[in-house]
Amino acid sequence: MKLPAPPTEKSFPSPLHHPRVATVLGRWLGIAVLICFLTGLFSHLQQTTPGWLAIPSRPASLYRVTQRLHVLSGTIAVPLLLAKLWTVYPKLFAKVPWPPSRKALGNFLERLSILVLVSALALELFTGFLNTLQWYPWPFPFKQTHYALAWIIIGVLLAHLAVKLPLITAHWRRTPADSLPPATTGMTRRTLFRTVAGAAALVGITSVGQSAPALGPIAVLAPRKPNVGPQGLPVNRTAKDAEVTEVGDDWRFTVAGPRSLSFTLDQLRELPQNESELPIACVEGWSQGAHWEGIRIRDLLRLCGAPDRSRVRVVSMEKGGFYATSELPSAFAADPLTLLALRLNGADLALDHGFPARIIAPNRPGVLQTKWVHRLEVLT
Amino acid sequence: MNKFLLARGALGAAGAGVGLWGLWLLLDAVPAPALIRLPLWLGGAVLADDFFLVPLTLGAGWLLTRWSAHRTVGTARTTLLYVGLTTLIAIPLLLRQGKRANPTVLPRDYLRDWLLLEATIIAAGAVWFVVQRFTLRRSRASSGDIGGR
């Protein structure tokens, strides 16, 4: 029995496997990847802020927008990546230059770089999407791997652009061939572009509602509904996960600063209360606005005699996890919107939302809006 | 020309630098047992794309152009593509429903929503097909191009 011959570059007759198509789709994918990278970098810097960087606390909804864009651009990149791979698929079967030569070495290196690019980007989109479901079936740490792969992708992408620059510049502009109907498929390049753009729009519209309430009802591909949860707000880490079970009468809230302060819950309620309209915007891409009431961190700093531009360490009662403590940089601690919140949407905080007290600050990832707070430490 | 080469060289060098920084981050932050298994997942991602998803799309496209009448191909292909893509994205949601981390994760009935979504896409495809057929017939009739494709 004779096996069928493996495909070659010529086995794919569709004229849509053309450098012009690859250039256009590559442009779109490139934009999505760039947006995803920059917004992801912003989120990373929010969570591990280097000493030289001061992130402003305004605009209050900035992180909500950037993280929505991060997850949206990553989701949209799925159809764009698949379309791009489809277009250049014949190249996978291109003849390998032989015998070894300088050209063959260049070809080998280029193929290796594309292997790294495709594998890293596909895995990045896959892990990113599964993270929005809080599903981690892989044996490596999500956050560190997702972050490192992002830099590798951008690096290999730049190298890929360098290699392909002559081809890209040659096919950058629209040509009359874009609207010519090829006899074999009946699909013009322009139709293909529209189809791919439609696919990207479709997955975008059916998923972005998890952070854009107006599109919530049709967000059938979103892992969250922004209004589902205790007090109309979703939860990432429940009280049970954090091993915070009950809060007794002996609960005290303390502030360690130039003067040490200690409050019961009732004493906290007697301090001047303020209100903030702020969203919880999660790294997983969902977000929901809420109405918070509590004491300004700024006021607590003044009460304990700390200077206005102080950094504050926030200590939670939760057990384990990376976020049992967080740090409020001075810009956030001084912002009048930043509260030690006691109430949410008109009622005392639910235990899953951090009862008796939690931090809520503008322009911050949800993981840093520390819940079950029982201690503040003034750092400077 | 030299400037162009220089730009390419600079781009390539920047890429190498950024990529190596990423590699360093990976080696630094990810523990060794995980690092050893990472290539398997990277390889799996390539296999899933290059030897499953793209061949599936190519095969489906080939079958469609072979089997169906010419003018229906475009709409059928787009509809099928959208059904496939949304299903691909829905798979993790369907798999994880019921095993969620807490009741606010995956709060929808994803099976119902997925079926509704696919039904909507197919219905939209059907409507589009009828509209197109109607307008094509009219334009052909007015141009007298009865025997055209």
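The values are calculated or read from the model by the stated rules, or taken from the named source; none is laboratory data. Source: prediction; values computed, not measured. Neighbour counts run over all protein chains shown; Cβ positions are idealised from the backbone, glycine included.
Just one of (1) crowded, with 17+ Cβ neighbours inside 10 Å; (2) under 27 Å from A:R358 (Cα atoms); (3) in contact (Cβ under 8 Å) with a residue 24 or more places away in the chain trips up A:E243, so point out which. Evaluating A:E243 over (1) crowded, with 17+ Cβ neighbours inside 10 Å; (2) under 27 Å from A:R358 (Cα atoms); (3) in contact (Cβ under 8 Å) with a residue 24 or more places away in the chain leaves (1) as the failure. Being of a type in the set (A, V, I, L, M, F, W, C), farther than 16 Å from A:L379 by Cβ and buried (at least 21 other Cβ atoms within 10 Å of the Cβ) is the filter here; which residues of the range A:318-350 pass it? Residues satisfying the conditions are A:L337, A:L339, A:L340, A:A341, A:L342, A:L344, A:L349.
Please state which one of A:G305, A:G285 is out of contact with any helix residue (DSSP H, G or I) (no Cβ under 9 Å at 6 or more places or on another chain) and in a loop (DSSP other than H, G, I, E, B). Show your work before the answer.
Details: A:G285 fails: out of contact with any helix residue (DSSP H, G or I) (no Cβ under 9 Å at 6 or more places or on another chain).
Testing whether each residue is out of contact with any helix residue (DSSP H, G or I) (no Cβ under 9 Å at 6 or more places or on another chain) and in a loop (DSSP other than H, G, I, E, B) leaves just A:G305.
Filtering the range A:35-68 to residues that are free of Cβ contacts under 8 Å to residues at least 40 places away in the same chain and closer than 25 Å to B:A29 by Cβ leaves A:I35, A:L38, A:T39, A:F42, A:L45, A:T48, A:P50, A:G51, A:W52, A:L53, A:T66. When A:P90, A:P79, A:P59, A:P15 are screened for being in contact with a Lys or Arg (Cβ under 9 Å, 6 or more places away or on another chain), modelled with pLDDT of 90 or more and in the same structural domain as A:L161 (by TED's automatic domain parsing), only A:P90 passes. Got at least one residue in the range A:314-329 being part of a helix (DSSP H, G or I) and β-branched (V, I, T)? No - not one qualifying residue is present in the range A:314-329. The set of residues from the range B:95-108 being among the charged types (D, E, K, R) and either surrounded by 17 or more Cβ atoms within 10 Å (Cβ to Cβ) or more than 18 Å from A:T132 (Cβ to Cβ) (or both) comprises B:R96, B:R108.
Within the range A:1-40, if we keep just the residues that are among the hydrophobic types (A, V, I, L, M, F, W, C) and outside any helix (DSSP H, G or I), the residue that is nearest to A:R190 (Cα to Cα) turns out to be A:L16. Which one of these is of a type in the set (A, V, I, L, M, F, W, C) and under 30 Å from A:A212 (Cα atoms): A:L278, A:L268? On inspection, the qualifying residue turns out to be A:L278.
Let's see how each residue does on (1) surrounded by 15 or more Cβ atoms within 10 Å (Cβ to Cβ); (2) within 8 Å of chain B (Cβ to nearest Cβ); (3) more than 23 Å from B:L94 (Cβ to Cβ):
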position	(1), (2), (3)
A:L109	no, no, yes
A:L112	no, no, yes
A:L125	yes, no, no
A:Q134	yes, yes, no
A:L161	yes, yes, yes
A:T175	no, no, yes
A:G204	yes, no, no
A:P223	yes, yes, no
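Can you confirm whether B:D50 is under 22 Å from A:T145 (Cβ atoms), among the acidic types (D, E), in a helix (DSSP H, G or I) and within 7 Å of another protein chain (Cβ to nearest Cβ)? Yes, satisfied.
Of all residues in the range A:73-99, those satisfying the criterion of being touching a helix residue (DSSP H, G or I) at 6+ places or on another chain (Cβ under 9 Å), more than 13 Å from every other protein chain (Cβ to nearest Cβ) and of a type outside the set (S, T, N, Q) are A:A94, A:K95, A:V96, A:P97, A:W98. Take the conditions (1) modelled with pLDDT under 95; (2) surrounded by 14 or more Cβ atoms within 10 Å (Cβ to Cβ); B:I36 misses just one of them, which is (2). Report yes if A:L53 is surrounded by fewer than 16 Cβ atoms within 10 Å (Cβ to Cβ), at pLDDT below 95, within 21 Å of the chain's Cα centre (by Cα) and assigned to a loop (DSSP other than H, G, I, E, B), otherwise no. For A:L53, the condition - surrounded by fewer than 16 Cβ atoms within 10 Å (Cβ to Cβ), at pLDDT below 95, within 21 Å of the chain's Cα centre (by Cα) and assigned to a loop (DSSP other than H, G, I, E, B) - is met. Among the residues of the range A:140-155, is there at least one that is more than 9 Å from chain B (Cβ to nearest Cβ) and touching a helix residue (DSSP H, G or I) at 6+ places or on another chain (Cβ under 8 Å)? Scanning the range A:140-155, I find at least one residue that is more than 9 Å from chain B (Cβ to nearest Cβ) and touching a helix residue (DSSP H, G or I) at 6+ places or on another chain (Cβ under 8 Å), so the answer is yes.
Scanning the range A:118-168 for residues that are without any contact (Cβ under 8 Å) to a residue 24 or more places away in the chain and hydroxyl-bearing (S, T, Y) gives A:S119, A:T127, A:Y136, A:T145. Figure legend. Inter-residue proximity from the range B:82-108: first residues more than 7 Å from chain A (Cβ to nearest Cβ), second residues among the charged types (D, E, K, R), beta-carbon distance below 9 Å, spacing 6+ or different chains. Indicated pairs: B:V83/B:E118; B:T87/B:E118; B:Q97/B:R108; B:Q97/B:D109.
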